[in-house]
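J.: My questions will all concern the structure given below.
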């Protein structure tokens, strides 16, 4: 059943009432600020991810001034629609979702005025009671596709929503046509002719009511409407506000040989500006009403210059949605200001950046656009990137951007193209982001702010929660090694980030991710939604592991104590102590979940990738958000022990190996001055042996180091040059581990050489040190010393070792059995 906004319905309430998957809006004027702050927020909350706005060139052109828009081209699509001598004027909204589709047709544009400040009319149509209207809407979209003089960058959206509307209508049983509203449009026939035919078929009109914010200077459209409908009496509606000038020329209309009256609608809210369009015809046995976008002007009502849409209802005479009261006929007439109609000399451009780095687009102009155009891609900050394109006679162009990776995740990108004195401007769509599947708890806007280092506290917490629950979706990205291009390997100070590469050339859609959507653009590169998501995640990972330079060098991390002032407020970012505690709690939950996931992974590959997610996200949060090096150093040591808990074997160096060897080299450089470095290096070497499953190859270990100061986390942890990582790693690998010491003394025993009594493993402070020396100082059979053969059991009596003995064997590689008092050694890596 239809509902009118005159009764108080709000479009945002309709949007908030159900879950939606797709949304289409058509409008004349447009406010991106309104749409993003109100309707888009509601749509995203309901789960909608495929959102289209089709706006007249006037609305599109004015939107280019809204540089603070942050979501255009990333969370929704905006297309301009132009006509040679008219305007694209329908105000429709089609909402598609699992709870049922809705069609909204009204008089209000996508602006603050159209959705609350003005007096508008709105029809909310459901297929159960208006299936024919959904069929008519499908016909309207199909007619748009076939109209040759309509300039629009692409028309695939019309096919998609037309098919959806027809399928929705077909799902409901047929009802009598006379009981259903119908949709009329002016794509190929003037509205006045359609209304005249309906009235003639129903006995002809008696009285005509017209409410419109715009009329012809001579009122010709209203006069023709009265003639076509057969009405002798004409009532012209005025604004509800006393004192507003009349948009209709009453004095000139007195000579029409018609009964003419001035009326006002009786409404509770009489304070808003009139923008509603309402045509009402009294027939002998019915009342015809038309609402929607159709003004009482010749271009809108009596021609096909404009594209208009209205809802036509035939209802019993006794029914009336509006009560009219007669008022004094105005003697003054003020012609309202109107914007020029048609494209004129306007040049607009619509463009997209695809996942393969291509810039594709279409230039809209009534003049021949072919030729070479030069221009630039402009960021909201004013910085820009030069671009040159060759435009075909149809306005199409395609070129490859050298810096596409830098631009593809920036918000509010615009393109400006110039050829002689001709200038074309437009928005740029980000194809990858528009095709990306919805992520639970992590919105596209949050993801973009994270990628662009503009994240809020909520974004950081959302990222932690998302990876804690969904890291398994991105393992293929996080297991890939980190590479740095030659440009990025320089230590030159620049505000640009280093060129960190996460190689995804061979990345294919993974089975657990949704495949390519049927709504994806034909221009999109090969790859389904899963591949798109992974390319976006690769950019997020690039941001996590790379560090731009500040003007004075690397950004300095502050300890957590420096974040909170005496009043409890963050001096640098506005974070309160309570906010920091919330962040720490989220980080603690993230660590707990990642530790669990890594320990229960289905395969060594999955475990490795999970450890990389844990490390890169965890380190970045501690350094970038908490700005606490001490907390990061503590986490680094904890993570290193977890990463080296099991041996692994890979033919090529991967990300986990890079982080393990870099972290091991970092630990001594971060240690306090009073730490026993030889003992520490020995323990680290032992961890690396366990990780490698045996002896560590020096050259491979060196090649795993992330020594670039701006890649990885060493540069953010150290005040000294990262070149010291190499010498630190070499010292670690040159320090003999307990395993190697045990192997050496056992080999000496077999060769009947006395043991080296100066070795640390024989000292009194070491577990079983004196006993071990005593056993190896007497040649002959070694009944009191054996290598462990059965896990957790004594090598002599095979009794299960006590928990403390098992821990001692794991940590120090030697223990004494409480049952038989003999020694068991562990020589496996």
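J.: Give me the residue from the range 152-188 that is exposed (fewer than 14 other Cβ atoms within 10 Å of the Cβ) and outside any helix (DSSP H, G or I) and, out of that set, modelled with the highest pLDDT.
T.: The residue in question is 188.
J.: OK, next. For residue 588, indicate whether it is farther than 30 Å from residue 810 by Cβ and modelled with pLDDT under 95.
T.: Taking the combined requirement at face value, the residue does not satisfy it.
J.: Out of the residues in the range 456-471 meeting the condition of being over 13 Å from residue 440 (Cβ atoms) and in contact (Cβ under 8 Å) with a residue 24 or more places away in the chain, tell me which one is surrounded by the most Cβ atoms within 10 Å (Cβ to Cβ).
T.: Going through the range 456-471, the residues over 13 Å from residue 440 (Cβ atoms) turn out to be 456-461, 464.
Then drop every residue that is not in contact (Cβ under 8 Å) with a residue 24 or more places away in the chain, which leaves 457, 460-461, 464.
Values: 457: 18, 460: 22, 461: 23, 464: 25.
Selected residue: 464.
J.: If only one of 354, 348 is within 24 Å of residue 419 (Cα to Cα), crowded, with 19+ Cβ neighbours inside 10 Å, within 36 Å of the chain's Cα centre (by Cα) and touching a residue at least 40 places away in the same chain (Cβ under 8 Å), which one is it?
T.: One residue alone meets the criteria, 348.
J.: Whether any residue in the range 360-369 is in a strand (DSSP E or B), surrounded by 23 or more Cβ atoms within 10 Å (Cβ to Cβ) and assigned by TED's automatic domain parsing to the domain that holds residue 92 is what I want to check.
T.: Within the range 360-369 (the criterion being in a strand (DSSP E or B), surrounded by 23 or more Cβ atoms within 10 Å (Cβ to Cβ) and assigned by TED's automatic domain parsing to the domain that holds residue 92), the answer is no, since none of the residues qualifies.
J.: So, one more: Take the conditions under 31 Å from the mean Cα position of the chain (by Cα), in the same structural domain as residue 453 (by TED's automatic domain parsing), modelled with pLDDT of 95 or more and over 22 Å from residue 473 (Cα atoms) and apply them to residue 640. Does it pass?
T.: No: the conditions fail for residue 640.
J.: Just name the residue that is farthest from residue 811 (Cα to Cα) out of those in the range 721-735 that are out of contact with any helix residue (DSSP H, G or I) (no Cβ under 7 Å at 6 or more places or on another chain) and at pLDDT below 85.
T.: In this case the residue turns out to be 721.
J.: Take the conditions closer than 30 Å to residue 432 by Cβ and either in the same structural domain as residue 426 (by TED's automatic domain parsing) or crowded, with 23+ Cβ neighbours inside 10 Å (or both) and apply them to residue 299. Does it pass?
T.: So residue 299 does not fit the description; no.
J.: Any residue in the range 792-819 that's free of Cβ contacts under 8 Å to residues at least 12 places away in the same chain: show its pairings with residues that are assigned to a loop (DSSP other than H, G, I, E, B) at Cβ separation under 7 Å, as long as the two are six or more apart or on different chains.
T.: 793/799; 793/801; 798/790; 800/792
J.: For a quick check of your reading: which strands (runs of 3 or more DSSP E) sit entirely within the range 190-274 and have at least 2 residues that are surrounded by fewer than 22 Cβ atoms within 10 Å (Cβ to Cβ)?
T.: Fully inside the range 190-274 and qualifying: 233-237, 259-265.
J.: Checking the conditions here, which among 331, 304, 297, 289 is touching a residue at least 40 places away in the same chain (Cβ under 8 Å) and touching a strand residue (DSSP E or B) at 6+ places or on another chain (Cβ under 8 Å)?
T.: 297
J.: Separate question: If you scan the range 708-733, which residues turn out to be farther than 21 Å from residue 634 by Cα and free of Cβ contacts under 8 Å to residues at least 12 places away in the same chain?
T.: 727, the sole residue that qualifies.
J.: Mind telling me which of the residues 704, 682 ends up being modelled with pLDDT of 90 or more and either surrounded by 19 or more Cβ atoms within 10 Å (Cβ to Cβ) or assigned by TED's automatic domain parsing to the domain that holds residue 610 (or both)? It would help to see each step written out before you state the result.
T.: Numbers: 682 fails: modelled with pLDDT of 90 or more.
Checking each option against the conditions leaves just 704.
J.: What do you reckon, is residue 311 modelled with pLDDT of 95 or more and either assigned to a strand (DSSP E or B) or surrounded by fewer than 21 Cβ atoms within 10 Å (Cβ to Cβ) (or both)? Lay out the reasoning, then the answer.
T.: On the way: modelled with pLDDT of 95 or more: yes; either assigned to a strand (DSSP E or B) or surrounded by fewer than 21 Cβ atoms within 10 Å (Cβ to Cβ) (or both): yes.
Against the criterion (modelled with pLDDT of 95 or more and either assigned to a strand (DSSP E or B) or surrounded by fewer than 21 Cβ atoms within 10 Å (Cβ to Cβ) (or both)), residue 311 qualifies.
Okay, residues lined up against (1) surrounded by fewer than 24 Cβ atoms within 10 Å (Cβ to Cβ); (2) assigned to a strand (DSSP E or B):
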residue	(1), (2)
124	yes, yes
131	yes, no
134	no, no
138	yes, no
141	no, no
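J.: Mind listing whichever residues of the range 326-344 are surrounded by 13 or more Cβ atoms within 10 Å (Cβ to Cβ) and closer than 9 Å to residue 246 by Cβ?
T.: Result: 329, 330, 333.
J.: Right, residue 480: modelled with pLDDT of 55 or more, outside the structural domain of residue 43 (by TED's automatic domain parsing), in a loop (DSSP other than H, G, I, E, B) and in contact with a strand residue (DSSP E or B) (Cβ under 7 Å, 6 or more places away or on another chain) or not?
T.: On the way: modelled with pLDDT of 55 or more: yes; outside the structural domain of residue 43 (by TED's automatic domain parsing): yes; in a loop (DSSP other than H, G, I, E, B): yes; in contact with a strand residue (DSSP E or B) (Cβ under 7 Å, 6 or more places away or on another chain): yes.
Spelling it out, residue 480 is indeed modelled with pLDDT of 55 or more, outside the structural domain of residue 43 (by TED's automatic domain parsing), in a loop (DSSP other than H, G, I, E, B) and in contact with a strand residue (DSSP E or B) (Cβ under 7 Å, 6 or more places away or on another chain).
The values are calculated or read from the model by the stated rules, or taken from the named source; none is laboratory data. Note that the structure is predicted; figures quoted are calculated from it, not measured. Positions of Cβ are backbone-derived with ideal geometry, glycine not excepted, and every protein chain shown enters the neighbour counts.
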